[in-house]
Amino acid sequence: MAEKLAIHGGTKVREERFPSVGDASGRMIGDEEKALVMEVLDSGALNRNNGTKVKDFEQRFASWYGVKDAVASSSGTSALHIAVGALDLEPGDEVITSTITDMGSVIGILAQNLVPIFADVDVRTGCITAETIERVLSPRTRAIMPVHLFGQPSDMDPIMKLAKKHDLFVIEDASQAHGAVYKGRKVGTIGDVNAFSFQQSKQMTTGDGGMTISDNEKLADRARLFMDKAWPRTSGSRGHAFLGFNYRMTELQGAVGIAQLGKLDEILRRRRATGDRLTGAIRDIPGIKPPFHYDDVTHSY
């Protein structure tokens, strides 16, 4: 232990800065991404409707999660909006979500003329629970959006039981929880329609980008339409089915996503090793509480 802190003239413990997810020093970005991006640039097809990368990425992502369908989009916020839009709720209906989350969880609710209702969180996890959700249920409640905060899975079994009892949809906001596991199931595969983000700080990244996944064919079909201005392109018609948005992912993002998905297992291994190391270093320090884990849960930090 130095007699003086470095900031007061003591010896620095570390001369080099720590890696950052804001640049290549803290990201697994390399030749694989470069090669696939160059394929897109050489093809000249940068739009998903003219290319193959985004569709390939969707299929690979759906396979990695073991679900039937995945819809890529331009951001995690758009992925959540697509999930909400897929439910086709009525104006004034209520969607319960977390008091601690990014604005992206709320934007899609408001954009669909719905009312966000905020449930309190478990102080140990920062996630909403079945108990806190039940306190704010009303006759207008139509859906629940639990947020798996910072890679910490919400306690989903009681939430799904509550949703079934009251005939409610569940949207998992898994934006920060790629690869997190709840009782043997990957987070984002438990609810009806669920969303992920690929923003720069997430476990895997395309810079910005998102994915909405579902095993419900009806919800998945509506999600795909919602992503692309509700334009049923395969029908040959220019008639738009409803008010949708242009949330298409570009081929450049799709190319990076394919490479990143191939590295996700290793990315998660490294994050978990680092998280466990830090937890071991701080767990006995008075006043500091490392992340709490429910039983049979795997954090993705």
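Miscellaneous remarks
- C-alpha center-to-center spacing [segment 1-42, segment 268-284] in angstrom: 18 Å
- Of Ala130, Ala45, Ala86, the one that fluctuates the most in a GNM where the chain has Cα springs shorter than 10 Å: Ala45
- Semi-axis lengths (Å, descending) of the ellipsoid that matches the C-alpha gyration tensor of segment 207-301: 41, 16, 12
- Heavy atoms of Thr99 accessible to a 1.4 Å probe, total area in Å² rounded to 10: 70 Å²
- Segment 143-182 and segment 84-119: distance between their alpha carbon centers, rounded to Å: 14 Å
- Added length on full extension, which subtracts the Cα-Cα distance from 0.36 nm per residue, Phe18 to Asp42: 5.1 nm
- On a per residue basis, segment 1-91 carries 62 Å² of accessible surface, using protein heavy atoms and a 1.4 Å probe.
- Extension gain, Arg283 back to Phe242 (0.36 nm per residue minus Cα-Cα distance, nm): 9.5 nm
- Near the amide H of Ile96, within less than 5 Å, lie the amide hydrogens of Ile117, Arg142, Ala143, Ile144, Met145, all on another chain or at least 5 residues away, with H placed in the peptide plane.
- With 5 Å bins from 0: P(r) over segment 1-99, alpha-carbon pairs, percent: 2, 8, 9, 13, 14, 12, 9, 7, 8, 6, 6, 4, 1
- Accessible surface of the chain [probe 1.4 Å, protein heavy atoms]: carbon and sulfur percent: 53 percent
- Pairs of alpha carbons in segment 36-87 whose separation is greater than 15 Å (percent): 57 percent
- Computed over the alpha-carbon pairs of the chain, the distance histogram in 20 Å steps reads 32, 53, 14, 1 percent, short to long.
- Over segment 261-301: Kirkwood hydrodynamic radius from C-alpha pairwise inverse distances, Å: 11.5 Å
- In sequence order, segment 115-125 has phi-based couplings of 10, x, 10, 9, 8, 6, 10, 6, 4, 6, 10 Hz under the Karplus curve 6.51 cos²θ - 1.76 cosθ + 1.60, θ = phi - 60°, and Gly or Pro positions carry x.
- Top of Gly244, Gly236, Gly76 by mean-square fluctuation, Gaussian network on the chain, Cα under 10 Å: Gly236
- DSSP assigns beta bridges within the chain; of those with both partners inside it, close to 55 percent run antiparallel.
- Rounded to whole Hz, the Karplus (6.51, -1.76, 1.60) HN-Hα couplings of segment 285-301, x for glycine and proline: 7, x, x, 10, 10, x, x, 7, 10, 5, 4, 6, 10, 10, 6, 10, 6
- Label-point gap, in nm, between Lys4 and Asp120 - each point 7 angstrom along Cα→Cβ: 4.8 nm
- Given Lys202/Lys289; Lys183/Lys289; Lys161/Lys218; Lys34/Lys218, the pairs whose alpha carbons are separated by over 31 Å: Lys34/Lys218
- Ratio Rg/Rh, restricted to segment 151-215 and using Cα atoms, in which Rh is the Kirkwood radius: 1.00
The values are calculated or read from the model by the stated rules, or taken from the named source; none is laboratory data. What you are looking at is a predicted structure, and each value in this text was computed from that prediction instead of being measured. When we count neighbours, we look across all protein chains shown, and the Cβ atoms used for this are built from the backbone with ideal geometry, even at glycine. What goes into the accessible areas is simple: the full protein's heavy atoms, side chains included, and nothing from ligands, DNA or RNA. Shrake-Rupley method; radii C 1.70, N 1.55, O 1.52, S 1.80 Å.
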